[in-house]
Amino acid sequence: MVSANREMAVYCFDTLLAHYNSQEVPPPAFDEAQHPLFVTWKKIVNGSEPRLRGCIGTLEARYLINGFKDYALTSALKDRRFPPIQPKELPSLECTVSILADYETADNYLDWEIGKHGLIIEFTDPNNNARRSATYLPEVAAHEGWTKLEAIDSLMRKAGYSSLITESLRKSIRLTRYQSTLFTLTYTDYASYVKAARGAAPTINGTKPVHH
C-alpha cells in the first residue's frame, strides 16, 4: 500500500502552476503505483477555517502520476459546485491528496466508524427507479460533526435524492466503506519546498504570487 505523501501534494501544486504558466509539469518525486485517489483544494481566508474550493477523484484505481495530474486540474477548475480557482488565489490555498484502500462491503448503512471510514452509497430512487450513488472521504463526517445518520442522509442528498428520506430507503442502501491516507500541504509550505529543492520560489508568468 502506497501512502499519500508531500511529494504528491507538491506535484498537484506543480500541475496547477504549470497550467497557469502554459508550461510542462516538473517530473514527480514519487513512485508510480495504481490506487483510487482524490485531490481536494481548500482556501484559507483571513486565518479562518479552510473552505472547500474543489474536490474530485476516482474510486477506480488509476496510475498515480497521471491520476494526480488529471484530478489536480479537474478539482481546481471543473468542480461544478465552485467557480474555477484563479491564479491570485494560490497563496491562500491548501491541497490535500488522498489515496484510498481497504474497500469492504458493509452489513448495513450504520456498519462503519466516523473518522475511520469513507463511504460509498448506492441505492435506487423510489420516485423514478434511477440508480443513485455518492461518496464522502473518511474525514468529512468527523469534520462536520455529524452522527452516522446525519452523514448518510447528507450523502443521499449529495447523490441527488430530494424527497423524504425513510428508514426503509436507508435500509435499501448498499454501503461500501474504505480507508485512506492523506497529506495536506499549504501553498506557503509548497513554496518553501520548491525554493529549497529547486533553488527558486514558484512564479506565475514570471512573478511571485503574493498574499493580499
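Tabulated data
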| quantity | calculated |
| --- | --- |
| Separation in nanometres of the label points that stand 7 Å from Cα toward Cβ, at ARG51 and ASN127 | 2.9 |
| Zone residues, region 1-30, relative to SER192, backbone N less than 19 Å from point 7 Å out along Cα-to-Cβ | 5-14 |
| Correct option for mean projected area of the Cα convex hull in nm² [calculated from the coordinates] among (1) 12.7; (2) 11.8; (3) 16.7 | (1) |
| Efficiency of FRET between ALA200 and ILE44 - r from beta-carbon atoms, R0 35 angstrom, step 0.05 | 0.90 |
| Convex hull volume of region 1-118 per residue (C-alpha atoms, cubic angstrom) | 127 |
| Region 1-73: relative contact order in percent, alpha carbon pairs under 8 Å with at least 6 residues between | 35 |
| Carbon and sulfur %, accessible surface of the chain computed with the full protein complex present, 1.4 Å | 49 |
| Residue-span extension gain [GLU24 to ARG157] - 0.36 nm each, minus C-alpha spacing | 44.0 nm |
| Helix-only CD estimate at 222 nm, as mean residue ellipticity for the chain, using -39500 (n - 2.57) per DSSP H run (n ≥ 4) | -9000 deg cm²/dmol |
| Around VAL97: net Lys/Arg minus Asp/Glu count, Cβ-Cβ under 14 Å | -2 |
| Formal net charge of residues neighbouring PHE123 (Cβ-Cβ distance under 11 Å; K, R +1; D, E -1) | +3 |
| Cα-projected label distance for LEU59 with THR74, points at 7 Å along beta-carbon direction, nm | 1.4 |
| Average accessible area per residue (Å²) across the chain - probe 1.4 Å, nucleic acids and ligands excluded | 52 |
| Test item: Cα-centred dipole of the chain, Lys/Arg +1 and Asp/Glu -1 on Cβ, debye | 640 |
| For region 76-147 and region 36-51, distance of Cα centres in Å | 14 |
| Kyte-Doolittle at least -0.5, axis length at least 20 Å by Cα - qualifying DSSP helices, the chain | 6-21 |
| Leading residue at positive end of dipole, the chain (Cβ point charges), from THR181, PHE123, TYR11 | TYR11 |
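The values are calculated or read from the model by the stated rules, or taken from the named source; none is laboratory data. None of the values given here were measured: they were computed from a predicted structure. FYI the Cβ positions are ideal-geometry reconstructions off the backbone, even for glycines, and counts take in every protein chain you see. Each accessible area value is taken on the protein alone, full model and side chains, heavy atoms only, with ligands, DNA and RNA left out. Shrake-Rupley method; radii C 1.70, N 1.55, O 1.52, S 1.80 Å.
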